[in-house]
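The block underneath contains the structure these notes are about, expressed in C-alpha cells.
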Amino acid sequence: MSVFPHSRLFLGPSKSVLISGPHIQVLDTHTGNLLHSTATLDGLETAKLLKSGPVRCSTVDRGFTYVVTSGEDKKLKVWEVDGLKLLSERELPKKPTEIRVTQDGQTIVVSDKFGDIFSYPLHLDPSLERTESEGNTGTTKRGTLASHENPSNGTLILGHTSLLTSFVLTSDEQFVISADRDEHVRVSWFPQGYVIERYCLGHEKFVSAIHVPSFAPSQLVTGGGDPVLKLWDWMSEPFIVVKAPISRYGRSDDDDGDDGEQEKVEKIGRRGRKGRGKKAKGKGKNEGVGEEAMQEQEQGEAGQSMVSAEGEGTEDVVMGDVESEAQVESERVTQVQAEAQEAEATTVEGALGEAAEKDKLVFALRRIDSADVHGQGQFLVFSAVGATALFFCVFPSSPQTKPPVVQSLDLKKPVLDFTVGAGGHIWVLVDDERPSTSERPTGESDERAVRLVSWLDGKLVEVHGAESKTFSLLTSLNTTCVLPATASDLKTLDLYSALSSLPKNVDPEHDPMRRENQNQNLDAFEIESVASSRAGTPIPGGSKKGKAKSGGPTQRELARMKNKKAVLAKMQEQEQAKMKVGDGAGAELGGVTDEERENKKARAADSEGSVQAL
Amino acid sequence: MVKRKRVQDARQRQQQQEQNLLPQKRHYRQRAHANPFSDHALEYPASPSAMDWSSHYPAFVSTGKTPEFADVGCGFGGLLIALAPMFPDTLMLGMEIRVQVSQYVQDRIIALRTTSAISNAASPEPYQNVSIVRANAMKFMPNYFPKHSLSSLFFLFPDPHFKARKHKARIISPTLLAEYAYVLRPGGIVYTITDVHDLHEWMKSHLAAFPLFEPVAEEDLRAQGKGPIIDAVYSSTEEGKKVERNNGQKWLACFMRIEPRRILGRLNTHLHQE
C-alpha cells in the first residue's frame with residue numbers, strides 16, 4: 001500500500017503540525033495523539049483540498065496558532081491550528097517558494113518563482129478585501145503602471161530577476177536575506193526591501209538554502225548547487241569565513257562500487273538523451289523514463305540508494321546520491337579569510353568535483369539548520385535533495401584555518417526534510433516510497449517515514465529500538481499519521497524536481513542568443529585558420545549569408561576578419577613607427593604602448609574567441 | 001595648386017583609411033530583442049572583486065580604478081564613444097546583451113584606440129577609458145559593480161516592451177530600481193531618454209515613486225556642468241539619430257540617487273502602485 005511521505009514537520013511545545021502530501025495533521029507533541037487532520041474532513045472540503053494539490057510551502061507562526069500553506073494552485077491558505085479551520089484563502093501572483101510569518105504573527109511574507117517577495121496581513125479583513133479587490137483584480141488594466149501586480153493586495157517587499165529560492169528574516173527582523181537561482185545572496189532592509197544593504201557573492205551555482213543560526217545571529221550559512229557550504233558575516237563587509245566542502249561518502253565496501261556506478265550513469269545518460277528528444281511530450285514522459293532508469297539501478301550494486309530525476313531538455317541525467325570516500329580529508333584543500341576582505345578563497349572540491357564532472361552529479365541543498373547541543377557544541381545540519389544522508393559539521397565559532405569536516409549519517413532512504421527539536425533531537429523525514437536497492441528484510445525499522453536522530457559525542461546517531469519507543473510522537477508519526485496515496489498522487493508529488501529545475505542548463509550550443517546566429521557563426525579558431533589559409537585568395541563566390549554550415553565562412557565573417565586584420569596591421573605599423581622614433585623617454589613610451597598593443601592584440605584575439613564562443 | 005590638391009588627397013586617403021578600419025555595422029546585424037530572463041551562456045564575474053578590469057582598460061591598470069559610468073543596453077556604443085573624450089580620466093562601461101552588437105562595439109573601440117593613438121605621453125590615450133561587456137544588466141549588475149561605485153547610469157532608448165504582459169521585462173521596474181540604487185552612489189544621476197511617450201511616463205513615474213530617487217530637472221543638470229552629457233544623451237546614439245531622421249520626439253527624464261531613511265515599525269505600502 002502506498003502512502004504519502006511526510007514532507008514537513010513543525011514541532012511546537014505542545015502541538016506539532018505535520019504536512020503529508022496535500023494533508024495537514026495536528027498532533028500533541030507529548031502524547032503523540034492525533035488531534036486534527038484534514039484527511040478526516042467531509043467529502044466536499046476534502047475535494048477542494050485535494051484540488052489544490054500537494055502542499056508545496058508551509059509555515060507556522062511562532063505561537064503555533066496558525067499554519068499557512070500553499071499548494072499547486074497558487075492559493076495562500078491560512079488555517080487555525082486548533083481544529084484546522086480554514087480562515088482565509090488568497091490568490092498569489094506566482095507559485096511560492098518560501099513562506100514565513102513575522103514574529104508578531106501579523107504578517108505573512110512570501111517569495112515566489114518570479115523572484116518577488118510580497119507581504120500580506122495574516123488576518124484578512126473581509127470588508128477591506130472586497131472594496132480593494134474591485135480596484136485591483138488579477139487582470140492588468142490599461143493605464144496601470146505596476147508591472148508587479150498582486151491579486152491579493154500584497155505589498156511588494158523586493159524582487160530578484162531570477163527564481164527566488166529561499167529567504168530568511170533576521171532575528172531582529174530589520175533585514176531580509178534572499179537567495180536566487182543566479183547565485184546571488186542579497187541582504188536588504190526589512191520591510192524597506194528596496195534598500196539593498198549588501199550582496200554576499202561567491203557562489204558558483206544556484207543558492208537554494210540559507211540559514212542564520214540562532215546562536216550566531218550575525219553569521220549566515222548558504223548552500224546550493226556548489227558542493228560547499230559558505231559561511232558569511234553578513235552584518236559587516238561580506239566575507240567568506242569558511243567554506244566547508246561537502247564530502248562524498250557512503251559504503252565502505254565496493255571497489256567495483258565506483259565502476260558499477262559509472263556504468264549506471266552511462267546507461268542513464270543514454271536514456272537521458274532520448275528523453276530530451278521527446279521533450280515535447282511533456283514531463284509525464286520524462287518521469288516515466290526516469291522510473292525505468294530507477295528500476296535499472298535496482299538491479300545494480302547493493303547498498304546504494306539513488307534517486308534519479310530527469311529534467312526537461314537536459315542532456316545530463318541528474319542524481320542525488322551518496323558515496324563514501326576514505327580519503328576525503330586529504331584531498332580537501334581550502335583557504336579561509338580571517339579578515340574583513342572579500343578575497344577569493346579557492347576550494348578544491350576534490351573527489352566530489354571530479355566526480356561531479358564524470359557522474360554529472362547535481363547537488364541541491366534543501367535545508368540548513370543549526371543545533372546548539374548542551375555539552376557537545378554547536379553544529380550545522382543540512383540535507384540535500386535526493387540524498388539519503390543527513391549531513392552535519394561543527395559550527396566554526398571563529399575563523400579557523402581548517403574548515404570543519406563534514407560528516408554524514410546515512411538513513412538508507414532519501415531525506416525529504418528534517419526538523420531540529422528541543423534537546424538536540426532531530427526528526428528526519430524520509431521518503432519511504434523510494435524502492436531501496438538493497439535486499440533487506442522489511443522490518444519495522446526500515447518502513448518508518450520519520451526517523452529520530454540524536455547527538456552522541458559530537459556525532460549524529462539514529463535513535464533505535466527501545467529508546468525510540470519513549471517518543472510516542474515518533475510512533476504516532478509513523479503509524480497513525482500515515483495516509484494512503486495512490487500511485488498518481490505520488491507522481492504528482494514530484495519531490496525531487498529541484499534537481500532539474502534549479503541548475504541553469506546553459507549549453508553554448510543552445511544559447512537562445514546564439515541560435516539565430518548559428519547559421520552565420522563559426523568557431524573563432526576556425527575563422528582564424530580559415531582566414532590565414534585564405535589570405536590572398538578571393539572570397540568564394542558561392543558562399544552567402546546563412547550558408548555557412550557547409551562550405552567556408554560567410555561573407556560577413558570574412559568581411560569582419562578583413563577589417564580586423566587591417567586594424568592589427570595598423571597597430572603593428574604604429575608599433576614599428578614608435579620603435580623607430582623611440583630612444584630615451586620615447587623608448588619608454590614605446591615600451592608602454594608596445595605592451596598596450598600586445599594587450600590589445602591579445603585581447604582582440606581573445607575577445608573574438610571569447611565572444612564568439614559564448 | 002597642385003600641392004594643395006596632393007595634400008587634400010593625402011588627407012582624404014588618411015580618413016578613408018581610418019574609415020576602413022572601423023567595423024561596418026552591416027556585418028553585425030542582429031535581431032533587436034533578447035529575452036533578459038533567459039539563461040544565456042553568459043560569462044560574468046562571481047563578484048565585483050573577481051572582475052578583471054585590466055583587460056578592458058589596460059592603460060588604467062595601475063590606477064586601480066573601476067568604471068563610474070555605465071550605459072545599460074549601449075547598443076552600437078554611440079553614447080560611450082561620444083563621452084569617452086569628454087571624460088578621459090573616467091572609466092566607462094557599456095553593457096549589451098546581444099552578441100553581435102557587443103562584438104561590434106568591441107571592434108569599434110579597438111579600431112578607435114588604434115587610429116586615434118597619439119605619441120604625446122602627456123595626455124591619456126583616447127578611448128582607453130571606454131569598454132564593453134556582453135552582459136545581462138538586469139540580472140548581473142551587482143556582479144560587476146561594487147556598492148555605490150557608479151556616478152552615472154544611462155538608459156538610452158530602452159526596449160519599450162509594449163504589451164502589458166511584457167512590462168515586467170522593462171529595464172525600469174520597481175524591483176530593479178533597488179539594484180540600480182545599490183550600484184549608484186548617493187548624488188549619482190540616472191539618465192533616461194526615449195521616443196516612446198508611454199515608456200517615458202512609465203520610467204518617470206516608477207523612478208519618482210521609488211524612495212531612493214528624486215527627479216532632477218534638465219536645467220539644473222546643465223547648470224551643474226552636465227550639459228555635454230545631456231547633449232550626448234540626446235543625439236549621440238544610433239537610436240537617437242534614427243528618431244531625428246524620422247522627426248520623432250524625445251523625452252528626457254533624469255533622477256538623482258538620494259540617501260534612504262530607515263523607517264521602523266509598520267510595513268509600508270509605498271512600493272505598491274495602484
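Peptide B:140-148 is shielded by partner chain Cβ atoms: per residue, an average of 3 of them sit within 10 Å of its Cβ.
Placing pseudo-labels 7 Å out from each Cα toward the beta carbon at B:D9 and A:S397 gives an inter-label distance of 8.9 nm.
Centre-to-centre separation between the Cα atoms of segment A:28-92 and those of segment A:203-230: 29 Å. The fraction of accessible area contributed by carbon and sulfur in segment B:66-273 is 51 percent, rounded to a whole number (1.4 Å probe; ligands and nucleic acids excluded). Taking every lysine pair in segment B:66-273 that is 8 or more places apart or spans two chains, those with Cα atoms closer than 19 Å amount to 10.
Note that segment A:2-19 has calculated 3J(HN,Hα) couplings of 8, 10, 6, x, 7, 9, 7, 9, 10, 9, x, x, 10, 10, 10, 10, 10, 10 Hz, one per residue in order, obtained from phi through the Karplus relation 6.51 cos²θ - 1.76 cosθ + 1.60 (θ = phi - 60°); glycine and proline are x. Each residue of segment A:228-233 was assigned a 3J(HN,Hα) from its phi angle through the Karplus expression (A = 6.51, B = -1.76, C = 1.60, θ = phi - 60°), giving 9, 9, 10, 10, 10, 9 Hz with x at Gly and Pro. The contact between chain A and chain B removes approximately 6900 Å² from the accessible area (both sides summed; 1.4 Å probe; ligands, DNA and RNA excluded). Taking amide H atoms as placed 1.01 Å from N in the peptide plane, the amide H of B:I132 lies under 5 Å from those of B:G94, each 5 or more residues away in sequence or on another chain. Using just its DSSP H runs of length 4 or more, each adding -39500 (n - 2.57), chain B gives a mean residue ellipticity at 222 nm of -10000 deg cm²/dmol after division by all residues.
Mean per-residue shielding of peptide A:554-567 is 4, counting Cβ atoms of other chains within 10 Å of each Cβ. Estimated from the Cβ-Cβ distance and a Förster radius of 41 angstrom, the FRET efficiency linking A:A47 and A:E173 is about 0.60. The mean count of C-beta atoms from other chains within 10 Å of the C-beta of residues in B:36-47, rounded to a whole number, is 6. Model label points for B:R185 and B:V2, set 7 angstrom from Cα along the Cα-to-Cβ axis, are 6.2 nm apart. The amide H of A:I24, built 1.01 Å from its N in the peptide plane, has A:T38, A:A39 as neighbours under 5 Å, considering only residues 5 or more places off or on other chains. Suppose R0 equals 56 Å; then what is the FRET efficiency for B:D52 and A:D125 from their Cβ-Cβ distance, rounded to the nearest 0.05? Given R0 = 56 Å and the Cβ-Cβ separation, E is 0.55.
The values are calculated or read from the model by the stated rules, or taken from the named source; none is laboratory data. As the structure is a computational prediction, the values presented were derived from the model and not from experiment. Ideal geometry is used to build each Cβ from the backbone, glycine not excepted, and the neighbour counts take in all protein chains shown. Ligands, DNA and RNA are excluded from the accessible area calculation, which covers all protein heavy atoms including side chains. Shrake-Rupley method; radii C 1.70, N 1.55, O 1.52, S 1.80 Å.
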